[in-house]
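**Student:** Have a look at this one.
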Amino acid sequence: MSRFLAMLLASASTTGRGMTTGEPAAPVRRSWAEVHETARGYAAALRAATDDVPALEPGGSVGVLAGEPASIAPLAQAVWLTGGSVTMLHQPTARTDLAAWAEDTMSVLRMIDASMVLLGAPFDALAPVLRERGVPFRTLDSLDGDPSAVTPDVDVSGEDDTALLQLTSGSTAEPKAVRITHGNLAANIGAMIEAARLDVERDVMVSWLPLFHDMGMVGFLTIPMVTGLDLVTVTPVDFLTRPLLWAELISKYHGTVTAAPNFAYAVLARQLARAEDLDLSSLRIALNGAEPVDPDAVRAFTDAGARFGLRPESVLCAYGMAETALGVAFAPVETGLAVDEIDADALEAEHRAVPAGDGAVRRFPKLGPPLPGIEVRVVGEQGEVLDVGGVGLLQLRGPSVTPGYLTVEGPRATQDADGWFDTGDEGYVVDGQVVVCGRRKDVIIMGGRNIYPTDIERAAAAADGVRAGNVVAVRLAAGEGRHRESFAVAVESRKAGDAEAEQLIRKDVTSRVVSAVGVRPAEVAVLPPGSLPKTPSGKLRRASTGEMLAAR
């Protein structure tokens, strides 16, 4: 059997540790042995056809639409025990246009050639939508198979078989899924366990991350399932409704490992300033990844948590992507935030990372050395491999790297003849650690300088009245009255609609951006909360923001 399935089955007998869900209203704890027993019952049911849904065969693709981690854990295991692959479907929210969601979901299901959809709470009500479109589906209460019918040592998958089809961020109208094999998962999980020094005897993982995103599904569900680590997990809605719950769970359960994108730490920092009676001293890893890491936000978090025993050394900055299952590089544990300060002119004009001098400075977090088994190189415009200090495209190679994508046009390979995968990220390597400057497609070129949107966005976010984490800088191509490429800045503010307040925000944003990068935005748009386009996992979408501004 595959190494990944062997890891999963090895932890299936774990009775002393498991997952706690349902906080804060009705916490429920289930051991991993209990989760696995439920999964075997589900797997037995999936192998049997019903009047409406055929049996799941090895190699079959399954879409999962459920919100509760307690449901998703045994469902995912059941699919893997049957030899199928799991695709976590994007979840509709209260604001979602259900008709549009259904069409997007149908595109995804056709692309992955789904055998069926598994429905769990709170999405059971979507059954009529799927039935109307002829989608085979089963609900949790229909999966009542006999656990003893599934032998635990069944050989249903090999290393090259697909385990996960991870939908990428971006427009769901043009879906793309990363094909993660059993071999990819085993390699990446093993590397992350080693780099993070995870220990089942001491570590307790705490998470609210969405399970339709790779950080949540792989990092904070699959890893604890295959290692037997204790897990305390709630939903993203729980966190967004009351962000302080995250810290309260770390305090209550003596959490040692957690993770989130940068914006969440910025939100929690503000909440901690008003909190009381917490103990964060147990936390040894607060992984910050999935979006650009802002050193100022990190320091705000560690400063706010200091009075609760939070140690700055617990911050672990990371680089990852679905194309490697999850992780690419982790900063060394127990070292905290490390920032590389480089000369801005050399970066923007010469594509070189050299130590800062007397001029303008750019600050980038060091994201750690590549995980065991992963190679990273930096490539220039002509495909040449750059020396240390050269800034170019980051490429990866190793057993964690996906062999390809599924797209609406069909499968697409990701690696060149030598196994290298082009990430689309610009960056460099210093002291053996990876540094990411930004996405190549988002770079703004003005006067021969490469300006990264993140520098603009961080400056604009500091303006009074701007909502933290809700700022986007976008390229404006030459033309339409512009003699050269420029950029616009879109910010969300609760003061949008007040003409006088908007003018003050525009002036403040412009001043801060000019001070930070030396150039003036062509436009500053002040928008009401909820206006900026985001991916289903919450990332801001620059391309869609540009289209929105162009249509105004």
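The values are calculated or read from the model by the stated rules, or taken from the named source; none is laboratory data. Bear in mind the structure is a predicted one, so any value in this text is a computation, not a measurement. Here the Cβ is made from the backbone with ideal geometry for all residues, glycine too, and neighbour counts use every protein chain on show.
**Student:** Can you work out which of the residues in the range 397-454 that are of a type in the set (S, T, N, Q) and modelled with pLDDT under 95 is farthest from P355 (Cα to Cα)?
**Tutor:** T407
**Student:** Could you count how many residues in the range 317-354 are in a strand (DSSP E or B) and more than 15 Å from the chain's Cα centre (by Cα)?
**Tutor:** Going through the range 317-354 one residue at a time, the tally reaches 6.
**Student:** Right, another one. Kindly indicate which of P128, P122, P92 is of a type outside the set (A, V, I, L, M, F, W, C), assigned by TED's automatic domain parsing to the domain that holds G22 and either part of a helix (DSSP H, G or I) or at pLDDT 95 or above (or both).
**Tutor:** P128
**Student:** Do we find that M1 is at pLDDT 95 or above and not β-branched (V, I, T) in this structure?
**Tutor:** Spelling it out, it is not the case that M1 is at pLDDT 95 or above and not β-branched (V, I, T).
**Student:** Taking G255 and the conditions (1) part of a loop (DSSP other than H, G, I, E, B); (2) surrounded by fewer than 24 Cβ atoms within 10 Å (Cβ to Cβ); (3) among the small types (G, A, S); (4) not assigned by TED's automatic domain parsing to the domain that holds R30, which numbered condition does it fall short on, given that it satisfies the others?
**Tutor:** Going through the list (1) part of a loop (DSSP other than H, G, I, E, B); (2) surrounded by fewer than 24 Cβ atoms within 10 Å (Cβ to Cβ); (3) among the small types (G, A, S); (4) not assigned by TED's automatic domain parsing to the domain that holds R30, G255 breaks only (2).
**Student:** Something else about it: Of the residues that sit in the range 455-468 and are at pLDDT 85 or above and assigned to a loop (DSSP other than H, G, I, E, B), which one is surrounded by the fewest Cβ atoms within 10 Å (Cβ to Cβ)?
**Tutor:** This residue is D464.
**Student:** Same structure again: Regarding the range 120-132, can at least one residue be identified that is buried (at least 23 other Cβ atoms within 10 Å of the Cβ) and touching a Ser or Thr at 6+ places or on another chain (Cβ under 8 Å)?
**Tutor:** No, because not a single residue in the range 120-132 is buried (at least 23 other Cβ atoms within 10 Å of the Cβ) and touching a Ser or Thr at 6+ places or on another chain (Cβ under 8 Å).
**Student:** Ok, one more. Across the range 335-353, what is the number of residues that are on the phi > 0 side of the Ramachandran plot and at pLDDT below 95?
**Tutor:** 1
**Student:** Would you confirm whether or not the range 223-244 contains a residue that is buried (at least 21 other Cβ atoms within 10 Å of the Cβ) and of a type in the set (K, R)?
**Tutor:** Taking every residue of the range 223-244 in turn, none turns out to be buried (at least 21 other Cβ atoms within 10 Å of the Cβ) and of a type in the set (K, R).
**Student:** Another one. Please go through the range 171-198 and pick out each residue that is assigned to a helix (DSSP H, G or I) and closer than 25 Å to E409 by Cα.
**Tutor:** Of everything in the range 171-198, those that are assigned to a helix (DSSP H, G or I) and closer than 25 Å to E409 by Cα turn out to be H182, N184.
Let's see how each residue does on (1) touching a residue at least 60 places away in the same chain (Cβ under 8 Å); (2) acidic (D, E); (3) closer than 19 Å to G368 by Cα:
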position: A247; (1), (2), (3): yes, no, no
position: I250; (1), (2), (3): no, no, no
position: Q271; (1), (2), (3): no, no, no
position: L280; (1), (2), (3): no, no, no
position: I285; (1), (2), (3): yes, no, yes
position: D303; (1), (2), (3): no, yes, no
position: V315; (1), (2), (3): no, no, yes
position: D340; (1), (2), (3): yes, yes, yes
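**Student:** What pairs come up if the first residue lies in the range 360-388 and is under 19 Å from G289 (Cα atoms), the second is aromatic (F, W, Y) and surrounded by fewer than 16 Cβ atoms within 10 Å (Cβ to Cβ), and their beta carbons are under 7 Å apart, counting only those six or more places apart or on different chains?
**Tutor:** Listed by first residue and then by second, the contacts come to nothing, as the list is empty.
**Student:** Exactly one of these conditions fails for V514: (1) more than 24 Å from the chain's Cα centre (by Cα); (2) assigned to a loop (DSSP other than H, G, I, E, B); (3) over 30 Å from E375 (Cα atoms). Give me its number.
**Tutor:** Condition (2) is where V514 drops out.
**Student:** Which condition from (1) surrounded by 13 or more Cβ atoms within 10 Å (Cβ to Cβ); (2) in contact with a strand residue (DSSP E or B) (Cβ under 9 Å, 6 or more places away or on another chain) is the one that R552 breaks?
**Tutor:** (1)
**Student:** Quick check on my filter: what residues within the range 407-433 are in a loop (DSSP other than H, G, I, E, B) and surrounded by 14 or more Cβ atoms within 10 Å (Cβ to Cβ)?
**Tutor:** T414, G419, W420 - these are the residues of the range 407-433 that are in a loop (DSSP other than H, G, I, E, B) and surrounded by 14 or more Cβ atoms within 10 Å (Cβ to Cβ).
**Student:** Here's another thing I want to ask about it. Restricting attention to the range 351-367, and to residues there that are touching a Cys at 6+ places or on another chain (Cβ under 9 Å) and not aromatic (F, W, Y), which single residue is surrounded by the fewest Cβ atoms within 10 Å (Cβ to Cβ)?
**Tutor:** Of everything passing the filter in the range 351-367, R362 is surrounded by the fewest Cβ atoms within 10 Å (Cβ to Cβ).
Matching residues to (1) in contact with a strand residue (DSSP E or B) (Cβ under 9 Å, 6 or more places away or on another chain); (2) not hydrophobic (A, V, I, L, M, F, W, C):
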| position | (1), (2) |
| --- | --- |
| A413 | yes, no |
| G427 | yes, yes |
| G438 | yes, yes |
| Y452 | yes, yes |
| A462 | no, no |
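**Student:** Give just the number: which of (1) modelled with pLDDT under 90; (2) over 15 Å from A459 (Cα atoms) does E500 not satisfy?
**Tutor:** (1)
**Student:** Applying the selection to the range 272-302, what residues are assigned to a loop (DSSP other than H, G, I, E, B), of a type in the set (S, T, N, Q) and in contact with a strand residue (DSSP E or B) (Cβ under 6 Å, 6 or more places away or on another chain)?
**Tutor:** If the condition is that a residue be assigned to a loop (DSSP other than H, G, I, E, B), of a type in the set (S, T, N, Q) and in contact with a strand residue (DSSP E or B) (Cβ under 6 Å, 6 or more places away or on another chain), then no residue fits.
**Student:** In the set T181, T235, which member is within 21 Å of A322 (Cβ to Cβ) and in contact with a helix residue (DSSP H, G or I) (Cβ under 8 Å, 6 or more places away or on another chain)?
**Tutor:** After ruling out the rest, the residue left standing is T235.
**Student:** Got at least one residue in the range 59-79 being at pLDDT 95 or above, among the polar types (S, T, N, Q) and surrounded by 23 or more Cβ atoms within 10 Å (Cβ to Cβ)?
**Tutor:** Checked against the condition, which is being at pLDDT 95 or above, among the polar types (S, T, N, Q) and surrounded by 23 or more Cβ atoms within 10 Å (Cβ to Cβ), the range 59-79 yields at least one hit.
**Student:** Oh, and also: Report the residue count in the range 501-523 for those that are crowded, with 21+ Cβ neighbours inside 10 Å and of a type in the set (A, V, I, L, M, F, W, C).
**Tutor:** 4
**Student:** Identify the residue in the range 270-301 that is under 28 Å from C437 (Cβ atoms) and surrounded by fewer than 20 Cβ atoms within 10 Å (Cβ to Cβ) and, among all such residues, is modelled with the lowest pLDDT.
**Tutor:** Among those residues, the one meeting the criterion is E291.
**Student:** Next question, about the same structure. Only one of these conditions is not met by A114: (1) buried (at least 22 other Cβ atoms within 10 Å of the Cβ); (2) over 30 Å from P369 (Cβ atoms); (3) in contact with a Lys or Arg (Cβ under 9 Å, 6 or more places away or on another chain); (4) not polar (S, T, N, Q). Which number is it?
**Tutor:** (3)
**Student:** Does any residue of the range 217-234 turn out to be among the β-branched types (V, I, T), in a helix (DSSP H, G or I), without any contact (Cβ under 8 Å) to a residue 40 or more places away in the chain and farther than 29 Å from G16 by Cα?
**Tutor:** There is no residue in the range 217-234 that is among the β-branched types (V, I, T), in a helix (DSSP H, G or I), without any contact (Cβ under 8 Å) to a residue 40 or more places away in the chain and farther than 29 Å from G16 by Cα.
**Student:** I'd like to know if the range 199-209 contains one or more residues that are outside the structural domain of T535 (by TED's automatic domain parsing) and in a helix (DSSP H, G or I).
**Tutor:** Looking for residues that are outside the structural domain of T535 (by TED's automatic domain parsing) and in a helix (DSSP H, G or I), one finds none in the range 199-209, hence no.
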